[in-house]
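Scroll down for the structure; my scribbles are underneath it.
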Amino acid sequence: MTSDELSRPIDVVSLYPNDMNIYGDWGNVLTIERRLTLYGFQPRVHAYNQGDAWPEHVDIILGGGGQDTGQEKISDDLFKRADTLRGLASQGVPMLMICGLYQLFGDYFDTVDGNRLPGIGILGVYTEGQEHRMIGNLTESSDQFGSIVGYENHSGQTFLRDGVQALGTVEHEGTGNNGVDHTEGARVGNVIGTYMHGSLLPKNPKISDFLIRTAVTSRYGEFKPTGNAEQRAQLEHIDAIATKAAKVVMTRPR
């Protein structure tokens, strides 16, 4: 048995944390890291910024939000990695992209200033800037994950191409992807895009576990946690806190 098989590493890439990391999105990385540890795996987090060497092995990719200036700053480097990212997506590598990187994983983002930021085309969406911001606590309904809670803060209106699956649906107009069609987020294969900050994963363990299970099964052929009783108890405690936090969010005004 190799050393990797004994330690069971899972390689997690955080995309552009220097520029795309607002409203607590780094908490998604911390959540995946913690849950992997409690499941008995060895998380190896790779912070990838512009000009960095790409990690040799990639099991999960996480990306956060940023200002328009941050998106412009990383755009050239993102396109240098576009073929790699598209290849990993086609192989089923699970990815979670929040807000600004959700937009850049689509086809394009037309900013309110009239600039077009091309996307890398993994998610079949496009985004148009507007002056009005959609901001506030949000609950969406997802077929796979149930109720998803978070906090949206964006001015871009994102629209799904024909046949693209939304991550979930929202009840009220003026919220979600574009404020009009009651969709929120997008999903293509194992790639998820969403406007949900908060951060998202601490309050939504079902999404965390989807990313983890998919990554572990792909690398090791099955998802078989080896955490001890104390670690299992910690996971149960964390999940109970997440459930309480989600209930609080659902009762808060926008």
Under Karplus coefficients 6.51, -1.76 and 1.60, residue-wise ³J(HN,Hα) of the stretch 20-26 in Hz, glycine/proline x
10, 7, 10, 6, x, 5, 4
Computed on alpha carbon atoms, what radius of gyration and Dmax characterise the chain, expressed in Å?
17.6, 58
Inter-site label distance for Ser141 and Gln165 at 7 Å from Cα along Cβ, in nm:
1.8
Give the distance, in whole Å, between the Cα centre of the stretch 100-164 and the Cα centre of the stretch 49-99.
16
Expected vector for the stretch 84-93, Karplus 3J(HN,Hα) from phi with 6.51, -1.76, 1.60 and θ = phi - 60°, integer Hz, x for Gly and Pro, equals 4, 5, 5, x, 5, 4, 5, 7, x, 5
So for the pair Arg133, Arg219, with labels modelled 7 Å out along Cα→Cβ, what separation do we get in nm?
3.7
Grab the DSSP H runs of the chain that are 4 residues or longer, score each as -39,500 (n - 2.57), total them, divide by all residues and round the 222 nm result to the nearest 500 deg cm²/dmol.
-10500 deg cm²/dmol
XL table Lys80/Lys224; Lys206/Lys244; Lys224/Lys244; Cα-Cα > 25 Å flagged, in table order, is Lys80/Lys224; Lys224/Lys244
Report the charge-dipole magnitude of the chain in Debye, nearest 20, computed about the Cα centre from +1 at each Lys and Arg Cβ and -1 at each Asp and Glu Cβ.
740
Determine the shape class of the stretch 143-254: with a ≥ b ≥ c the square roots of the Cα gyration tensor eigenvalues, call it rounded for a/c under 1.5, and otherwise prolate if a/b is greater than b/c, oblate otherwise.
oblate
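Every number in this text was worked out from the coordinates using simple rules, so none of it is lab data. As the structure is a computational prediction, the values presented were derived from the model and not from experiment. Backbone-built Cβ (ideal geometry, glycine too); neighbour counts: all protein chains shown.
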